Structures are given as structure tokens and as C-alpha cells.
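K.L.:
Sharing a structure, written as C-alpha cells. Questions coming.
FYI, it's all coordinate maths here, none of it is from the lab. Everything numeric in this text was worked out from a predicted model, so none of it was measured. Virtual Cβ from ideal backbone geometry, glycine too; neighbours counted across all protein chains shown.
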């Protein structure tokens with residue numbers, strides 16, 4: 001079994017996201033806490049980026065796709081996918097509305113989501 005490195009502050013960030021998202025993946029609705037991870041919308045650059053408005057609670061595989069710029073949330077708040085995922089089981093996520101925290105201050109910053117989406121689209125020449 002491989003060791004998982006934890007960044008400073010990551011356990012608290014994850015705990016806050018678990019609470020904010022009701023213990024469910026924002027995209028799939030998965031409630032298996034063991035596979036839910038704290039994802040940063042904009043990359044981690046120290047404790048100051050462990051903010052709820054810079055986070056999403058995602059299932060481990062979805063987190064990997066998000067970080068690899070293969071999955072993103074559009075400015076219209078729908079799930080978008082890289083062309084390479086359109087012929088996979090992940091196509092069922094296309095156009096899905098993510099579940100976001102009830103508290104507005106805990107929701108991802110729209111500017112952060114837009115920046116991530118722009119980087120993803122540029123990566124796949126979708127602009």
C-alpha cells in the first residue's frame with residue numbers, strides 16, 4: 001500500500017469540506033467517506049489556499065480528473081469533460097449540476113472555477 005502525503009492543514013480542510021458538502025462528493029453524490037478528498041480549485045500554495053471557497057469535496061477518481069484538467073465546472077455550473085473522456089463511463093457526468101454547500105460563503109468562488117475551467121479548455125484547445 002502506498003503512503004499518502006498530507007499537506008499541512010489538509011486534514012482540517014477536508015473535515016470542513018466534509019461538513020460543508022454533507023459528506024457527499026459534489027459531482028457524483030458518493031457518500032463513502034473513505035474515498036472523498038479535499039480538492040483545491042486553484043492549486044495549493046500554502047495554508048492560505050485551504051479555504052472553503054477554494055475547495056470541492058470530490059471522490060478520489062473525480063479529484064484526479066479535476067487536477068489533471070480532464071474535468072471541470074463551467075461558468076454555468078455544469079460539469080464539462082475533456083474529449084478523451086467522452087467515450088468512457090465518465091460521460092454520464094457531462095452536464096451534471098454539482099451539489100454545492102447551502103451556505104453561500106462555503107461555495108467555490110466563481111472566479112476560481114472560471115480560472116480552472118479556462119485552463120482546462122486551453123489545455124484541450126476548446127476555446
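K.L.:
Which residue, 49, 88, 74, tops the fluctuation ranking in a GNM of the chain built on C-alpha contacts under 10 Å?
P.N.:
Among 49, 88, 74, the largest mean-square fluctuation in the Gaussian network model of the chain belongs to 88.
K.L.:
Using the alpha-carbon atoms, what tilt in degrees (0 to 90, nearest 10) does helix 10-20 show relative to the longest principal axis of the chain?
P.N.:
70
K.L.:
Mind running the shape call on the chain? Use the C-alpha gyration tensor, a ≥ b ≥ c as the square roots of the eigenvalues: rounded below 1.5 for a/c, prolate if a/b tops b/c, oblate otherwise.
P.N.:
Working: a/c = 1.43, a/b = 1.34, b/c = 1.07.
Taking the square roots of the gyration eigenvalues as a ≥ b ≥ c, the chain is rounded.
K.L.:
Moving on to the next point. Show that you can apply the helix-only estimate: for the chain, add -39,500 (n - 2.57) for every DSSP H stretch of four or more residues, divide by all residues, and state [θ] at 222 nm to the nearest 500. Intermediate values should be presented prior to the final figure.
P.N.:
Numbers: 3 runs with 33 residues, N = 127.
Calculated mean residue ellipticity at 222 nm is -8000 deg cm²/dmol.
K.L.:
By counting other Cβ atoms within 10 Å of each Cβ, how are 100, 126, 93 ranked from fewest to most?
P.N.:
Numbers: 100 16, 126 12, 93 19.
If I rank by nearby Cβ atoms, fewest first, I get 126, 100, 93.
K.L.:
Next up: So for each of 81-87, 67-73, 57-63, 17-23 I average, over its residues, the number of other beta carbons within 10 Å; can you give me the resulting order with the highest mean first? Please report the intermediate quantities before stating the final value.
P.N.:
Numbers: 81-87: 13.0, 67-73: 19.1, 57-63: 21.7, 17-23: 17.3.
Result, highest mean Cβ count within 10 Å first: 57-63, 67-73, 17-23, 81-87.
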